[in-house]
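What follows is a set of notes on a single structure, which appears directly below.
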Amino acid sequence: MTTLTLERLRHLVREDRVHRDVYIDPAIFALEMERIHGRAWVYVGHTSQVPYPGDYVTTTIGLQPVIMSRHSDGTVHVLHNRCGHRGAKVLNQERGSAPQFRCLYHGWAYATDGELLAVPLPDFYPAGYDLADRRLGLAPAARVESYRGFVFASLAPDAVDLRTHLGRATDLIDELVNRSPEGEVEVFGGRLRYEIRGNWKLQAENLADQYHVPFGHESTASRDGYQFQRRTGERGARARVLGEDGNPYLQESGTWAWPHGFNANGAMHFDGAQSGPVWETYRASMVAAYGANRAETYMRVKHHNALLYPNLDLHMLGMLIRVIRPVAVDRTEVTIYPVRLKGAPAEMARDVIKLANITHSATSLIQTDDVESFERCQAGLQSQGSEWVDFVRGQGRDADDPAWGGRYGPITSEIGMRNQHRAWLDYMGAA
Ligand code: FES
Ligand SMILES: [Fe+2]
């Protein structure tokens with residue numbers, strides 16, 4: 001293991017390539033947990049996962065266990081999941097509801113905002129030992145803010161406010177949420193989860209990668225370049241992944257990169273418009289809510305997906321939220337949450353679940369292809385055959401995009417990945 005000086009970090013991540021150690025060195029992973037996941041605004045959960053007081057979900061920020069809870073006054077809190085007594089994880093379930101959070105070890109009990117409420121057998125604590133000391137409670141994350149129901153936390157007290165950090169990326173969240181006639185989305189219907197034998201950045205890079213689609217997902221692309229039906233109201237219409245000449249049709253669309261490692265991919269090409277009774281009901285409710293022009297704009301999928309680095313992906317096409325959770329240098333947990341558009345027909349939510357199962361379940365046709373690719377990368381990167389991972393594709397072809405802000409390149413450009421690695425250097429303090 002090498003000492004990670006700034007010079008060394010700069011050597012590892014270049015403009016057009018990244019050293020293989022960035023994926024396989026446990027010391028680099030430990031530093032990422034401190035400097036990236038331990039400092040960035042990290043997505044924790046959606047407010048719809050904790051609708052009522054006492055509701056909670058548990059997750060991690062980097063490797064640190066946290067709770068997102070709904071307090072009795074309706075506020076949402078992000079708390080360290082660590083007992084103020086001797087450090088036990090207080091909540092062990094992935095989700096649940098409880099009037100108080102009680103530690104299993106010695107029974108200390110906490111309010112849903114983390115305040116220490118009760119300590120069993122308090123008599124033997126020395127006089128002057130202050131059990132009301134807030135430091136004995138479940139410590140709150142340094143910063144917690146949300147945007148349209150998406151709750152983010154940062155463990156860095158000096159983080160800029162969330163809106164400033166997100167910048168134009170709020171447009172990407174809006175793109176998803178504005179498709180609801182009520183202007184709200186909710187997470188529903190359970191989740192799909194993968195534990196991947198690969199580094200977390202392999203999943204992040206893949207979410208900026210449309211180059212792989214016709215090849216990595218070849219098993220679902222027919223000879224004539226079509227893929228299975230994906231969206232409500234598209235009886236028989238299929239996504240086109242290859243053009244007549246056999247080249248990726250996706251080439252027509254673009255890929256975007258914004259500061260802090262954020263990126264988005266352009267929409268897929270579909271033959272045929274969405275139609276049918278369910279679609280028309282939905283369209284009518286959108287027109288009633290927003291007027292014809294805004295409804296048309298809101299209903300159009302402008303981005304296939306968007307990654308809010310380091311851990312949140314919005315899948316606009318499939319209506320899914322994907323969360324990346326690093327576990328170890330060669331282990332990552334990926335969870336997929338279906339999203340429902342409030343006020344839209346129930347059939348559309350059913351289609352979201354159906355599509356999630358086709359594309360992202362453990363026996364799916366899409367994400368399983370990607371997981372295989374990630375695991376082969378992790379295995380291949382053990383090789384000393386080359387030190388470098390190549391991200392040069394599309395370099396020199398990107399330009400400023402006045403419509404969306406940020407930089408823009410051809411859809412199969414690796415601009416989004418170069419952008420992630422630039423953010424990596426920045427967070428690691430080596431930009
Ligand atoms: S460790 Fe939680 S009550 Fe003792
Ligand atoms: Fe993929």
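The values are calculated or read from the model by the stated rules, or taken from the named source; none is laboratory data. All values reported here derive from a predicted model rather than from experimental measurement. Using ideal geometry, Cβ is built from the backbone for each residue, glycine included, and neighbour counts are taken over all protein chains shown.
General observations
- Residue match in the stretch 358-376 (condition: aliphatic (A, V, I, L, M), part of a helix (DSSP H, G or I) and surrounded by fewer than 19 Cβ atoms within 10 Å (Cβ to Cβ)): yes
- When residues of the stretch 152-176 are limited to those that are over 17 Å from the mean Cα position of the chain (by Cα) and of a type in the set (A, V, I, L, M), the one surrounded by the fewest Cβ atoms within 10 Å (Cβ to Cβ): VAL160
- Of all the residues in the stretch 35-89, those that are surrounded by fewer than 18 Cβ atoms within 10 Å (Cβ to Cβ), within 18 Å of GLU184 (Cα to Cα) and in contact with a Phe, Trp or Tyr (Cβ under 6 Å, 6 or more places away or on another chain) number 0.
- Qualifying residue in the stretch 299-308 (condition: among the basic types (Lys, Arg) and part of a helix (DSSP H, G or I)): no
- Residue selected from the stretch 94-136 under the condition polar (S, T, N, Q) and away from ligand 1 (no atom under 16 Å from the Cβ), by the criterion surrounded by the most Cβ atoms within 10 Å (Cβ to Cβ): THR112
- The residues on offer are ALA109, ALA118, and the sole one that is touching a Phe, Trp or Tyr at 6+ places or on another chain (Cβ under 8 Å), at pLDDT 95 or above and away from ligand 2 (no atom under 16 Å from the Cβ) is ALA109.
- Selection count, the stretch 119-174, where residues are free of Cβ contacts under 8 Å to residues at least 12 places away in the same chain, hydrophobic (A, V, I, L, M, F, W, C) and part of a helix (DSSP H, G or I): 1
- For TYR290, the conditions (1) in contact with a strand residue (DSSP E or B) (Cβ under 8 Å, 6 or more places away or on another chain); (2) at pLDDT 95 or above; (3) not polar (S, T, N, Q) all hold with the exception of (1).
- Condition broken by SER413, with the remaining ones in (1) closer than 29 Å to TRP41 by Cα; (2) within 14 Å of ligand 2 (Cβ to nearest atom); (3) in contact with a Ser or Thr (Cβ under 8 Å, 6 or more places away or on another chain) satisfied: (2)
- Flag for PRO65 being outside the structural domain of GLY190 (by TED's automatic domain parsing), at pLDDT 95 or above and touching a His at 6+ places or on another chain (Cβ under 9 Å): yes
- Within the stretch 175-206, being more than 24 Å from LYS302 (Cβ to Cβ) and either of a type in the set (A, V, I, L, M) or free of Cβ contacts under 8 Å to residues at least 12 places away in the same chain (or both) holds for LEU192, ILE196, LEU202.
- Residue check, SER386 in contact (Cβ under 8 Å) with a residue 12 or more places away in the chain, part of a loop (DSSP other than H, G, I, E, B) and buried (at least 21 other Cβ atoms within 10 Å of the Cβ): no
- Matching residues, the stretch 71-93, being touching a Gly at 6+ places or on another chain (Cβ under 7 Å) and within 16 Å of ligand 1 (Cβ to nearest atom): LEU79, GLY84
Listed here are the residues, each with its yes/no results for (1) of a type outside the set (Gly, Ala, Ser); (2) surrounded by fewer than 20 Cβ atoms within 10 Å (Cβ to Cβ).
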position	(1), (2)
ALA257	no, no
ALA273	no, yes
PRO277	yes, yes
HIS303	yes, no
PRO326	yes, no
TYR337	yes, no
ALA344	no, no
VAL352	yes, no
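- Whichever residue in the stretch 390-423 is among the hydrophobic types (A, V, I, L, M, F, W, C) and in contact with a helix residue (DSSP H, G or I) (Cβ under 7 Å, 6 or more places away or on another chain) and, among such residues, is nearest to GLY380 (Cα to Cα): PHE391
- Residue in the stretch 80-99 that is touching a residue at least 60 places away in the same chain (Cβ under 8 Å) and either closer than 23 Å to ARG322 by Cβ or out of contact with any Asp or Glu (no Cβ under 6 Å at 6 or more places or on another chain) (or both) present: yes
- Conditions (1) buried (at least 18 other Cβ atoms within 10 Å of the Cβ); (2) touching a His at 6+ places or on another chain (Cβ under 9 Å); number of the one not met by ALA139: (1)
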